[in-house]
Amino acid sequence: SFRRTFHAVFAWGLLFLLEPAAQVLVIEKVARALEPGGRFLFTAHTQPLEWLDAMTGRRSQSLGAPAYERLLGGAGLSWVGEAQDEGENHYYFVEKR
């Protein structure tokens, strides 16, 4: 632990490369590291899905939007927005309550 808090945390193209248990752990650690009102941005598919990541060749897994929403809420985070780019990357915009 760094014993520091942060205004923002970014996990673009990362979270879904982790096993589900590790994704849960990352969300919990991000929640502890964010200052109140701090922001968290991550990317993952909205549907539960497994695939091979094109850049790394690693097995990837999205838990799906409903699961992420439950995990975020349980960690004291609120899903406040979302977006999708032309490359079909889905962005979750999250804020610490």
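Within region 1-34, which residues are open to solvent by 50 Å² or more (accessible area, probe 1.4 Å) and assigned to a strand (DSSP E or B)?
Phe6, His7, Phe10
Just give me the residues in region 62-89 being part of a strand (DSSP E or B) and under 12 Å from the mean Cα position of the chain (by Cα), in sequence order. Step through it out loud before you land on a result.
As a first pass, look at region 62-89 and keep what is part of a strand (DSSP E or B): 62, 77-84.
Those that are part of a strand (DSSP E or B) and under 12 Å from the mean Cα position of the chain (by Cα): Ser62, Leu77, Ser78, Trp79, Glu82.
So, in region 56-83, exactly how many residues are open to solvent by 40 Å² or more (accessible area, probe 1.4 Å), modelled with pLDDT of 95 or more and of a type outside the set (A, V, I, L, M)?
The number of residues fulfilling the criteria is 6.
Is it true that Glu88 is surrounded by 14 or more Cβ atoms within 10 Å (Cβ to Cβ) and free of Cβ contacts under 8 Å to residues at least 24 places away in the same chain? Break it down into steps so the answer makes sense when it comes.
Working: surrounded by 14 or more Cβ atoms within 10 Å (Cβ to Cβ): no; free of Cβ contacts under 8 Å to residues at least 24 places away in the same chain: yes.
So Glu88 fails the test.
Kindly provide the set of residues from region 35-55 that are among the hydrophobic types (A, V, I, L, M, F, W, C) and either crowded, with 18+ Cβ neighbours inside 10 Å or not in a loop (DSSP other than H, G, I, E, B) (or both), ordered by number.
Taking region 35-55 and keeping what is among the hydrophobic types (A, V, I, L, M, F, W, C), we get 40-42, 44, 49, 51-52, 54-55.
Within region 35-55, Phe40, Leu41, Phe42, Ala44, Leu49, Trp51, Leu52 meet the criteria.
The values are calculated or read from the model by the stated rules, or taken from the named source; none is laboratory data. Fair warning: this is a prediction, and the values are worked out from it, not measured in the lab. For neighbour counting, all protein chains shown are included, and Cβ atoms are generated from backbone atoms with ideal geometry for every residue, glycine included. These accessible areas exclude ligands, DNA and RNA; they are computed on the full protein's heavy atoms, side chains included. Shrake-Rupley method; radii C 1.70, N 1.55, O 1.52, S 1.80 Å.
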